1. Sort B:214-225, A:308-319 by packing, meaning the average of other beta carbons within 10 Å per residue, with the highest value first.
2. Across all directions of projection, what mean area in square nanometres is found for the Cα convex hull of the protein assembly as shown?
3. Projected area of region A:204-243, taken from the Cα convex hull and averaged over every viewing direction, in nm²?
4. Per residue of B:104-117, what is the mean number of Cβ atoms on other protein chains within 10 angstrom of that residue's Cβ?
5. Can you give the FRET efficiency to the nearest 0.05 for B:V242 and A:T172, using r as the Cβ-Cβ distance and R₀ = 35 Å?
6. So if the hydrodynamic radius of region A:1-139 is defined as the Kirkwood radius over C-alpha pairs, what does Stokes-Einstein give as its diffusion coefficient at 10 °C and 1.306 mPa s, in µm² per second?
7. I'd like the mean, over residues of A:90-100, of how many other protein chain beta carbons sit within 10 Å of each residue's own Cβ.
8. Rg/Rh for region A:171-303 to two decimals, with Rh computed the Kirkwood way over all alpha-carbon pairs.
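The values are calculated or read from the model by the stated rules, or taken from the named source; none is laboratory data. All values derive from a computational prediction rather than experimental measurement. Cβ placement follows ideal geometry from the backbone for every residue including glycine, while neighbour counts extend to all protein chains displayed. Ligands, DNA and RNA are excluded from the accessible area calculation, which covers all protein heavy atoms including side chains. Shrake-Rupley method; radii C 1.70, N 1.55, O 1.52, S 1.80 Å.
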Amino acid sequence: MTLVTARTGDPVVKAHNLVKLYGEHRAVDGIDFDIQPGETFAMLGPNGAGKSSTMKMISTVSPVTSGELRVLGLDPAADGRRIRARLGVVPQEDILDMALTVRENITVYARYFGLSRTEARHRADELLQFVQLADRADDQVRPLSGGMKRRLSIARSMVNNPELILLDEPTTGLDPQARHLLWERLYQLKRQGVTLLLTTHYMDEAEQLADRLVIMDRGRIVTEGTPRSLIETKCSRDVVELRFGEPALGTDDPDDGAARAETAAAHLRLRSERLPDRVLVYADDGDRALAGLAEHDVSAASTLIRRATLEDVFLTLTGRTLVE
Amino acid sequence: MSSSLTASSITAGGLARILEHLYVRTPAKYRSVLVSGVVSPAFFLGLLGLGLGSLVDERQNGATTLGTDGYLEFIGPGLLAISAVLWAFGQSLWPTAGEINWDRTYVLTAATPVSTAEIAVAHVAWIAIRFTAAAVLFTMVLAVAGAVASWWAVFAPLAAGATALVLASIICGFTVRQENEDTFPMLLRLGAIPMFLFSGAFFPLSGVPAAVGWLARVTPGWHGVELCRELAQGSVDSHSFVHVVYFVVVGALGMVYAVTGFQQALSEA
């Protein structure tokens, strides 16, 4: 395959002050980022953060309102066809042709990329092997499980040997087993040097897959870095979760327990976050923090000490949870 | 992708790939438009052309009133064109919205090297191509039934196909601009039914109020009916040329309307 961005180190995607307006609504509000060859880059954020709008601009389907965007070194406004010829796209929902077989869903798509019918069939069989659907090649699509359909979508996106694959919420709606199988296939792609861009609102997915990520909120990039560095620099090592149950008759309102926990955390010089169902206390040593809270008469119905995640980073930076 | 319509945004290769996809994905039973394109109009032909026609011919002395030898010759080509109108309405509303909003096939197609302009043109063309195939068969039925008087009739399927193409381009342009399907039944009531009744397929427009007649004469349905009838009867003259010019001009405008609508809809889908 001839690479236009053949020079090593040229970013696969480069965005500068990128803006997308839908009417008055600023879906993407002046973001900057770049994606390096071979990198798995994630956009993490809640619904409406601007992730999918950014994806659509990169896939050249949606015109850039303002700012600069280069994909594979090309301008999406002028070189849409050439860019799309080198991209793989896995949409959020499985867009599969129910009238066709599993294999035909790939071969029909392959024709758009200029493959002959023979090449398309050969490539389809190869890809179905890769996503472990070879034994279902001649089956109809409808009876496939959600995980199988998503794997078929991924296989289809690879039909043109893409240099960059865009995955929009790749594991949303899948059960844990299907998610892990999908992640394993994406690891394989990563090992083969394919550049992956994925959007997700699952922090564990971003932690598992991404070399680097941006956290987006309301069309802006809140922060960027590696999953580990973000947790280390933007959050504490541990998080103590305190849950306060329903009050017994004649006792304090559970809100009092939560309020007491927040006051105690402040005394201990620990940052805390009050959520509708629990209070989070951020500490580098969770056990010590919990002991300190107990000394301040904080008595929760249940407690949990865990490592901080990207969810906590998002909460720390925006004051909101990823899934609201 | 460019949001404007340029010459480079539509290529023969792109159109061919989309049409191939549309052909392959159309189940065999739907690939054939025999029912809507042949059986239904043939049913009408038998019912009205032969049944009602015997009364009309007898009472009105059809040759003089209708400008044809009889009601069968009058209504036959009219049914061909009016089937194109019904087919265009049928295919351009819900099935078109589905390709973007529900099945979302075109959302995926837009991520391939073809352009959204090509998607729009191929979509409209596919509606017309399928109908034209059926129109060839129905023209044969007309010939067997004795409703055709000239070899010009071999062009009648193209005229009917052009009617479907022009109308489909306009309706598809409308469909892809709608947020939901709530307006579709209204378009059927205000568009399809009046065009079905007042395109001159079943009775000459000379019998309707002048305003209705003029309104009917700006619709693709009327031009389709007139052109199909002129071809079937061999009465091709300058009027026929006006119909062709109408189809070219309105078809071009309709296609621009469809293309810009698809570009907008797919960029936001």
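1. On the way: B:214-225: 22.5, A:308-319: 20.4.
Result, highest mean Cβ count within 10 Å first: B:214-225, A:308-319.
2. On the way: hull surface 141.1 nm².
Mean projected area for the protein assembly as shown: 35.3 nm², to one decimal.
3. On the way: hull surface 15.4 nm².
Result: a mean projected hull area of 3.9 nm².
4. Working: counts 5, 3, 1, 6, 12, 3, 8, 15, 12, 12, 3, 4, 2, 0.
For this peptide, the per-residue mean of nearby foreign Cβ atoms is 6.
5. Values: r = 56 Å, r/R0 = 1.61.
It comes out at approximately 0.05.
6. Values: Rh = 17.1 Å.
Stokes-Einstein gives a translational diffusion coefficient of 93 µm²/s.
7. Details: counts 2, 5, 0, 2, 2, 8, 4, 6, 3, 7, 4.
If you average over the peptide's residues, the count of other-chain Cβ atoms is 4.
8. Working: Rg = 19.3 Å, Rh = 17.6 Å.
Radius of gyration over Kirkwood radius for region A:171-303 works out to 1.09.
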